[in-house]
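Participant: Quick one: structure below, then a few questions.
The values are calculated or read from the model by the stated rules, or taken from the named source; none is laboratory data. Model, not experiment: these values are computed from the prediction. Cβ placement follows ideal geometry from the backbone for every residue including glycine, while neighbour counts extend to all protein chains displayed. Note: accessible area is taken over every heavy atom of the protein model, side chains too, but ligands, DNA and RNA are not part of it. Shrake-Rupley method; radii C 1.70, N 1.55, O 1.52, S 1.80 Å.
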Amino acid sequence: MCGIVGYVGSSEKKEILLDGLKELEYRGYDSAGIAVIEGSNLNSFKAVGKLENLVEKAKSFKADSFGVAIGHTRWATHGKPTELNAHPHLGKKSYVVHNGIIENYQELKKELIAEGVTFLSQTDTEVIVHLFEKYSESSEPFEAFQKAIERLDGAYATLLITQDAPDTIFFAKHGSPMLIGFGEDGIYFASSDTAIIGKASEVYYLEDGEYGYAKGSDVAIFNKEGKVEFTKKPLSSDKVSAQKDGYRFFMEKEIYEQSTVIVDTMMGRVLDSEVVLDEIESGFFDGINAIKICACGTSYHSALAASYLFERMAKIRCDVEIASEFRYKEPLLSSDTLFITISQSGETADTLEALKMAKRAGLKSLTICNVDNSSIVRESDVALLTRAGIEKGVASTKAFATQTMLLWILAIYIAQLRESVSKEQIASEIEAMRHSPTVLKVTDALHSKIHRLSKRYLHGHGFFFIGRDLFYPLALEGALKLKEISYLHAEGYPAGEMKHGPIALADSNLFTVALMPKTLLYDKIKSNVEELSARDATILAISPESFELADDFIQTKYASHPMLEFFEMMVVTQLLALEISIRLGNDVDMPRNLAKSVTVE
Ligand code: F6R
């Protein structure tokens, strides 16, 4: 993840950087660092661990003449969380900070070492500053920067400062977020607007492929077509509304963020022909013959989806339990079972207690969690972090998406260890994973269609979300989203089970949201929906295949892999809940009676 900040101007730079980094600390706190150039003075400070260590280290430092400054808070990907690996990275006379992963860094590093460059860190980032300095020998700084970023593959948001141009910050964005803030006292850069609220009054959110420089108060932005004419947006000085980046609710913003946070979740884990999970030591799975997953709410739904993947791909027995039920059922636990917990907050009391019980019974434990250093992470033998960033909407969206992605990666990881699937199949899973960010992108057309259609679904006597296989847990999650923010009654049900009772409820006031993927049991679910339609239920079909009995139809596009269909339909159900809730005038982010972190039984 990592967070970056930058500033060009005359105000006291250390405070600007530290304030900004404080707001970005949720993105990573393995180390933090700042670098400042004022005229011929070049200063930098770095500290391992939380930002407070850097604050202490730089206590007596002040930088208030005109100059440039960059800062970074790190979530380690390449290289351990040490001071040498902390950003900013120094060349001979330049500093760089970076968020993302430079995928071809090994090749670039080899080339630079052969040319006599000495590397101080194990990071991928350091290649940027050395490439820049290499090209600086024969080019002006901006041209050298352009040449350096042309060599980079992968994801980056990067800032570079150099003594050769002490009034300038060079920047580039591709795949990782970055914005430019414009204030009376100077130009600001940050990974998220929370870092510059109260300082900048206008903002420009950089697009992928854009790069440029800020020199004094002049900002020039380029892409591969040439100079970019950009329009600034006003930046609210009110922290809460500004953090929404123009979205009406945090939940809406978080739905839109899914296509980028999923990239963070995959980073360094999904490689060309295999998945890797560095957090898991070799031998961890020795003697493990079964998996038990325990979680609550939305996290329980991702667990249920994972159970299909674990059994189908990794060929390992997997059962799933609601944590509050598990705690009191006097479960029989055997030490050949891996105990997995899933939690966004890492503080859910029932999940935490279930984990403690499993540990007392001698089980190995692994957690899929979004909050590092949370109680569940600290209690688990292994923690795989979802890297979704802070989730503020009480109704979980991006946490669910990243949990599901990470569980998919884990299923393939175990499949690799157990050699339960062929190399070709692993390659096709990886290809599908790489498509996920595209599938998760919300298009204007989809959002406005759901907005229009939501009008029909404000009344009636309830909703059934139905699906089969992987799409049954998604139906449960779709129903949960709707009920928690709209207060309408909704149930998720396995489509094949409707005729064993619930179909008695069918009439035109029963709304059925049918998840009809093309890649899994299409004909089966089609028959189930036909049975409901024959009894006059109002059908909203979500499918790549048009369905003549549907009263409303949302056509999906990605019918090449069940997980891609899963992610696409997930976005549809999230937007449907959002739009219904907004029409009903509810507080989407803070629904009644709920709290984000449930730390009581
Ligand atoms: C629903 C929701 C809750 C949580 C549940 C578990 O949108 O957010 O159902 O999923 O309270 O919380 P975590 O994942 O923090 O353990």
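Participant: From the protein chains alone at 1.4 Å, what is the descending order of accessible area for Asp185, Asp30, largest first?
Facilitator: Values: Asp185 90, Asp30 35 Å².
Sorted by accessible area, descending: Asp185, Asp30.
Participant: Then there's this: So how strong a dipole does the range 250-428 carry about its Cα centre when Lys and Arg Cβ are +1 and Asp and Glu Cβ are -1, to the nearest 20 debye?
Facilitator: On the way: 18 positive and 25 negative charges, 56 e Å.
So the dipole magnitude of the range 250-428 works out to roughly 260 debye.
Participant: Per-residue counts of other Cβ atoms within 10 Å, averaged by peptide: what ranking do you get for 295-302, 441-448, highest first? Numbers along the way, then the final one.
Facilitator: Working: 295-302: 25.2, 441-448: 12.9.
Result, highest mean Cβ count within 10 Å first: 295-302, 441-448.
Participant: Give me the Debye-computed log₁₀ of I(q)/I(0) at q = 0.18 Å⁻¹ for the range 178-306, equal point scatterers on Cα only, no solvent, two decimals.
Facilitator: -1.09
Participant: Expected output is a single nm value to one decimal: the length gained when fully extending between Leu458 and Glu431, i.e. 0.36 nm times separation in residues minus the C-alpha distance. What is it? Walk me through the numbers on the way to the answer.
Facilitator: Details: separation 27, 0.36 × 27 = 9.72 nm, distance 3.92 nm.
Going from the current span to full extension adds 5.8 nm.
Participant: Restrict the search to the range 244-339; then list the trypsin sites (Lys or Arg not before Pro) that DSSP places in a loop and that have at most 12 other Cβ atoms within 10 Å of their Cβ.
Facilitator: Details: sites: Lys244, Arg248, Lys253, Arg269, Lys292, Arg312, Lys315, Arg317, Arg327, Lys329; in loops: Lys244, Arg248, Arg269, Lys315, Arg327, Lys329.
Of the trypsin sites (Lys or Arg not before Pro), the ones in loops of the range 244-339 whose Cβ has at most 12 other Cβ atoms within 10 Å are Lys329.
Participant: Could you pull out the pairs from Lys13/Lys57; Lys224/Lys244; Lys455/Lys557; Lys92/Lys227; Lys449/Lys526; Lys173/Lys224 whose alpha carbons sit more than 18 Å apart here?
Facilitator: Values: Lys13/Lys57 15 Å; Lys224/Lys244 30 Å; Lys455/Lys557 24 Å; Lys92/Lys227 30 Å; Lys449/Lys526 23 Å; Lys173/Lys224 12 Å.
Exceeds cut-off: Lys224/Lys244; Lys455/Lys557; Lys92/Lys227; Lys449/Lys526.
Participant: Can you find, among Phe171, Ser191, Ala144, the residue sitting farthest towards the positive end of the charge dipole of the range 143-200, where Lys and Arg contribute +1 and Asp and Glu -1 at Cβ?
Facilitator: The residue sitting farthest along the positive end of the dipole is Ser191.
Participant: Based on the Cβ-Cβ distance from Thr231 to Ala445, what FRET efficiency comes out when R0 is 30 Å, to the nearest 0.05?
Facilitator: Numbers: r = 23 Å, r/R0 = 0.76.
After rounding, the FRET efficiency stands at 0.85.
Participant: Within 10 Å of each candidate Cβ there may be at most 13 other Cβ atoms; applying that plus a DSSP loop requirement, which GluC sites (Glu not before Pro) in the range 106-192 survive? It would help to have the intermediate numbers written out before the result.
Facilitator: Details: sites: Glu107, Glu111, Glu115, Glu126, Glu133, Glu137, Glu143, Glu150, Glu184; in loops: Glu115, Glu137, Glu184.
Those satisfying the criteria are Glu115, Glu137, Glu184.
Participant: Looking at the range 369-461, which GluC sites (Glu not before Pro) are DSSP coil and have at most 12 other C-beta atoms within 10 Å of their C-beta? Display every interim value, and only then the final one.
Facilitator: Values: sites: Glu379, Glu391, Glu419, Glu424, Glu429, Glu431; in loops: Glu391, Glu419.
For GluC sites (Glu not before Pro) across the range 369-461 that sit outside H, G, I, E and B with at most 12 neighbouring Cβ atoms in 10 Å, the list reads Glu419.
Participant: Further question: At 7 Å along Cα-to-Cβ for each site, give me the label-to-label distance between Glu83 and Lys329 in nm.
Facilitator: The modelled label-to-label distance comes out at 5.2 nm.
Participant: Now for a different question. Can you work out the FRET efficiency for the pair Asn223 and His500, with r the C-beta to C-beta distance and R0 = 45 Å, to the nearest 0.05? Provide the component values of the computation, followed by the final result.
Facilitator: Numbers: r = 57 Å, r/R0 = 1.27.
Efficiency, from the Cβ-Cβ distance: 0.20.
Participant: Using label points projected 7 Å from each Cα along Cα→Cβ, tell me how many nm separate Lys50 and Asp164, to one decimal.
Facilitator: Label-label distance for Lys50 and Asp164, simple model: 4.1 nm.
Participant: Taking the square root of 5 times each eigenvalue of the Cα gyration tensor, what semi-axes in Å does the equivalent ellipsoid of the range 376-479 have, largest first?
Facilitator: Working: eigenvalues 193, 72, 48 Å².
Over the Cα atoms of the range 376-479, the ellipsoid semi-axes are 31, 19, 16 Å.
Participant: Under 1.5 on a/c is rounded, so check that first for the range 444-583, then, if it is not, pick prolate when a/b is larger than b/c and oblate when it is not; a ≥ b ≥ c are the square roots of the alpha carbon gyration tensor eigenvalues. Write out the running numbers ahead of the final one.
Facilitator: Numbers: a/c = 1.41, a/b = 1.02, b/c = 1.38.
Rounded shape, in that the Cα axes give a/c under 1.5.
Participant: I need the P(r) histogram for the range 250-428: all alpha carbon pairs, bin width 5 Å from 0 out to the longest distance, whole percents.
Facilitator: Going from the shortest bin to the longest, the percentages are 1, 9, 18, 22, 22, 15, 8, 4, 1.
Participant: Please compute the per residue accessible area over the chain with all protein chains in place, 1.4 Å probe, rounded to a whole number of Å². Display every interim value, and only then the final one.
Facilitator: Details: 23730 Å² over 601 residues.
Averaged over the residues of the chain, the accessible area is 39 Å².
Participant: Lys/Arg Cβ at +1, Asp/Glu Cβ at -1, dipole of the range 250-428 taken about the Cα centre: which of Ser307, Leu385, Thr265 is farthest positive-ward?
Facilitator: After comparing all options, I get Ser307.
Participant: Something else now. Using a 1.4 Å probe on the protein heavy atoms, what percent of the accessible area of the chain belongs to carbon and sulfur? Numbers along the way, then the final one.
Facilitator: On the way: 11280 of 23730 Å².
Carbon with sulfur: 48 percent of the solvent-accessible area.
Participant: Hey, if we sort His461, His451, His130 by accessible area with the 1.4 Å probe, largest down, what's the order? All intermediate terms of the calculation are to be shown ahead of the outcome.
Facilitator: Working: His461 100, His451 75, His130 20 Å².
The residues order as His461, His451, His130, largest area first.
Participant: Provide, for the range 322-425, the number of lysine pairs with alpha carbons under 28 Å apart, each pair being eight or more places apart or on different chains.
Facilitator: Pairs that pass both the separation and distance tests number 7.
Participant: On each of the three principal axes of the Cα atoms of the chain, give max minus min coordinate, whole Å, ordered largest first.
Facilitator: 80, 54, 45
Participant: Continuing with this model, one more query. Quote to one decimal, in nm, the extra length available between Glu25 and Arg535 on full extension: 0.36 nm per residue of separation minus the C-alpha distance between them.
Facilitator: On the way: separation 510, 0.36 × 510 = 183.60 nm, distance 5.43 nm.
Contour length minus Cα-Cα distance gives 178.2 nm.
Participant: Further, regarding this structure: Can you name the helices of the chain, as whole DSSP H runs, whose Cα span along the helix axis is 20 Å or more and whose Kyte-Doolittle mean is not below 1.0? Walk me through the numbers before you get to the answer.
Facilitator: Values: long enough: 250-266 (23 Å, -0.05); 398-418 (30 Å, 1.03); 423-440 (26 Å, -0.39); 471-486 (22 Å, 0.45); 562-583 (31 Å, 1.10).
Both cut-offs are met by 398-418, 562-583.
Participant: How far apart, in nm, are two points set 7 Å out from the Cα along the Cα-to-Cβ line at Leu549 and at Phe66?
Facilitator: 7.4 nm
Participant: So, one more: How big is the charge dipole of the chain about its Cα centre, in debye rounded to the nearest 20, if each Lys and Arg gets +1 on its Cβ and each Asp and Glu gets -1 on its Cβ? Working shown, then result.
Facilitator: Values: 64 positive and 85 negative charges, 136 e Å.
It comes to approximately 660 debye.
Participant: Still on this structure: So what does log10 I(q)/I(0) come out to for the range 505-566 at q = 0.19, 0.25 Å⁻¹, using the Debye formula with one equal point on every Cα and no solvent?
Facilitator: -0.63, -0.99
Participant: In straight Cα distance, which aspartates and glutamates are under 16 Å from Lys46, not counting same-chain residues fewer than 8 positions off?
Facilitator: Cross-link targets: Glu15, Asp19, Glu25, Asp30, Glu56, Glu83, Glu126.
Participant: Rounded, prolate or oblate: pick one for the range 3-242, where a ≥ b ≥ c are the square roots of the eigenvalues of its C-alpha gyration tensor, a/c under 1.5 means rounded, and failing that, prolate if a/b is larger than b/c, else oblate. The partial results should precede the final answer.
Facilitator: On the way: a/c = 1.42, a/b = 1.17, b/c = 1.22.
Rounded is the answer for the range 3-242, as its axis ratio a/c remains below 1.5.
Participant: Another question, then. On the full set of protein chains, 1.4 Å probe, figure out the accessible area of Val421 and give it in Å² to the nearest 10.
Facilitator: Probe radius 1.4 Å; accessible area of Val421 about 20 Å².
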